[in-house]
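Everything on this sheet refers to the single structure shown next.
The values are calculated or read from the model by the stated rules, or taken from the named source; none is laboratory data. Quantities reported herein were computed from a predicted structural model and do not represent experimental measurements. As a convention, Cβ positions derive from the backbone with ideal geometry for all residues, glycine included, and neighbour counts pool all protein chains shown.
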Amino acid sequence: MNSAFVTGGIAIVLFVRIIIVWVFRCIRRRTETNSPPLKTLVILGSGGHTTEMLQLTKQLNRSFYAPVEYCRATTDTTSVMRLPDRLAVVHTIPRAREVGQSYVTSLFSTIYAQWHAMFLIAKIRPGLILCNGPGTVLPLCVAALFWRVVGWCPGQIVFVESYCRVQTLSLTGKLLYFWADLFVVHWEELHRQYPRSKLVDSFVRRQKDE
C-alpha cells in the first residue's frame, strides 16, 4: 500500500513538473518571438487591398520588423507580381469563399481554408500579422488567436481598415474589431463610431491624395 502511494506521489510530481516546464518554455518562446527583430506576416488581397498593404510595408523599419513574409489566396495571381522584392517569401492558402459562391458550399471551403491556416501559422510562428480587408484574413487571424492562447506563438494582430471605408467597417473589420490587438482607421467619422480603433491620418491617405 505504501509503495503504491509513493509511486502515485512520484507520478504526480513528475506530471506537475512537466506542466511547469511546458509553461515556462511557452513563455520563453513568446518573449523571444516578441524581441526584435519581429517576424512579420503581411496578408495580401487582390486589387486595392494589396496596394494599401504595400504602401504600409514601405514604412516598416526593417531592422525591427524582419523577416517580412507574405500570404495570399491561391486564386490571387496578381499580388505576387507587385511585390518590390522578387525574392520575398510568399505563402498561399485556399480562399475561404469565392465571389458569388453559395453559402452552403462556402461552409466547406471555409473549413478547408481554416485547416490550412492553422498549419501555416503554426509553421511560421509570426510575431506580428498585418492585414486589412480581404477574406483571406479571417482564417489566418483565427489561427493566430488559437496558437496564441495555447502559447505557441504571439501572433499580434494589426488590422488596418481600408482607406475606402469612411463610415462603415468592412465585414472582416466588423469580425475582428474586438479581437485585433490594434485596429486602425483612416477617417474621423469611422473613428467616432468605433472608439476602440486608432485614428491614423495615414500613409495611405497622403500617398493617394498626392
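Tabulated results
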| quantity | calculated |
| --- | --- |
| Unmet criterion (only one of (1) modelled with pLDDT of 85 or more; (2) over 21 Å from Cys141 (Cα atoms)) for Asp85 | (1) |
| Residue tally, condition within 13 Å of Asp181 (Cβ to Cβ) and either in contact with a His (Cβ under 6 Å, 6 or more places away or on another chain) or not in a helix (DSSP H, G or I) (or both), over region 140-168 | 7 |
| Of the criteria (1) crowded, with 16+ Cβ neighbours inside 10 Å; (2) closer than 19 Å to Arg196 by Cβ; (3) basic (Lys, Arg), which one Arg97 fails | (2) |
| Residue match in region 109-116 (condition: surrounded by fewer than 18 Cβ atoms within 10 Å (Cβ to Cβ), aromatic (Phe, Trp, Tyr) and in a helix (DSSP H, G or I)) | yes |
| Gln59 vs. criteria more than 20 Å from His116 (Cα to Cα), assigned to a helix (DSSP H, G or I) and modelled with pLDDT under 90 | no |
| Residues of region 148-166 classified as in contact with a Pro (Cβ under 9 Å, 6 or more places away or on another chain) and farther than 20 Å from Glu52 by Cβ, total | 4 |
| First in region 38-54 and within 23 Å of Arg125 (Cα to Cα) and in contact (Cβ under 8 Å) with a residue 24 or more places away in the chain, second anywhere and surrounded by fewer than 19 Cβ atoms within 10 Å (Cβ to Cβ) and acidic (Asp, Glu), Cβ under 8 Å, 6 or more apart | Lys39/Glu69; Thr40/Glu69; Leu41/Glu69; Val42/Glu69 |
| One residue from Ala4, Ala73, Ala11 being outside the structural domain of Phe159 (by TED's automatic domain parsing), at pLDDT 55 or above and either farther than 24 Å from Val137 by Cβ or under 17 Å from the mean Cα position of the chain (by Cα) (or both) | Ala4 |
